[in-house]
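The structure appears below as structure tokens.
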Amino acid sequence: MFFYILYRIGCFLANFLPLKLAYSLAKRVSDLQYFLSKNDREIVAKNLSIVTKKNIKECRVLARKVFRNFGLYLVDFFRMHNLTMEDVKKRVEIEGIENIDSVLKQGKGGIVLTCHIGNWEMGGVVMAMMGYNISAVALNHKHKRINDFFIKQREEKGLKVIPINFIMKSCISALRKKGLLALLGDRDFTNNGIELDFFGMPTSIPKGPAMFSLKTDSPIIPGIFIRKDSFNYRLVFDRPIDLRKIQGSDKEEILKEANKMIVASMEKNISKYPEQWLIFRKFWEAPIDALVL
């Protein structure tokens, strides 16, 4: 109940205050959280040191930006139900949308692969507002009222939410209906991933994106919704990864090669925007809960 009330207060303030003031307040609260949460601060800095190859002292400075970006992310999440197409046109620069359209024109579903970077929630909502039939897998919150609140925030603008406990049947159905399926590829929440090197260190990566792609013949389109400056964003899609074009006759070999391509795509984006990679748990270890709102 406490966290539900806390989220409702955050939602009220984010919507009551002008956006500039809401962002300013979020930064101040995030700074306070940064200084009070020594354990989280050190974990974020250590994760960033592996990504950036910088020392911990430099990464603590970068970690403060991560905390601030998470505060801004929450403001955006709380305000999503008020987002309009006029806002999208003014504030979102879109690149590579032809990579989405080319897949759909082939009469196929498409897997939009992203990670915990920028504002992945808002990216899915913007796609739905643009008229795309898009579903997204979401981790259930253990408290029902909070979970219901989050689902409402996501679905109000047309984004379809697939709970992670119904992932197999629902994801395959969405793709076979020629829709888009948004998946986060940087954390394994199922304890059933594939171990690959990520920034030179082994970790468990979800099998889902490559597995669904192979099963439904749906290409994977890497994409990010990144903060460009204080008020504006970039929605960027890279060229599709088509598993049919990967050399090899063995299914496991094709899946492994596809996952390497997926990892390379995520590494590229995280390296470019490390301060927007919103992971607050130790990344390089056995699968654990990562960022849960």
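What follows draws every value from the coordinates through simple rules; no lab data is involved. Quantities reported herein were computed from a predicted structural model and do not represent experimental measurements. Here the Cβ positions follow ideal geometry from the backbone for every residue, glycine too, while neighbour counts run over all protein chains shown.
For THR114, THR216, THR190, THR84, what's the fewest-to-most ordering of other Cβ within 10 Å of each Cβ?
Fewest to most other Cβ atoms nearby, the residues stand as THR84, THR190, THR216, THR114.
Of all DSSP beta bridges in the chain, what percent run antiparallel (nearest 5)? Please report the intermediate quantities before stating the final value.
Details: 12 of 31 bridges.
Of those bridges, close to 40 percent are antiparallel.
Taking the mean number of other Cβ atoms within 10 Å as a proxy for protection, how do you rank 191-203, 146-158 from highest to lowest?
146-158, 191-203
Quick check: net charge around VAL161, other residues with Cβ under 12 Å of its Cβ, Lys/Arg +1 and Asp/Glu -1?
Within the 12 Å Cβ shell, the charges total 0.
Which of these, MET129, MET211, MET85, has the largest mean-square fluctuation under a Gaussian network model of the chain (Cα springs below 10 Å)?
Highest fluctuation among the options: MET85.
Identify the trypsin sites (Lys or Arg not before Pro) of the range 1-82 meeting these criteria: DSSP loop state and at most 12 other C-beta atoms within 10 Å of the C-beta.
Counting only loop positions with at most 12 other Cβ atoms within 10 Å, the trypsin sites (Lys or Arg not before Pro) in the range 1-82 are LYS53.
Can you list residues from other chains, or at least 5 along the same chain, whose modelled amide H is less than 5 Å from the amide H of ILE117?
LEU278
Considering amide H positions built from the backbone, and no H for Pro or chain starts, which residues 5 or more places from ILE134, or on another chain, come under 5 Å of its amide H?
Amide H neighbours of ILE134: LYS160, LEU180.
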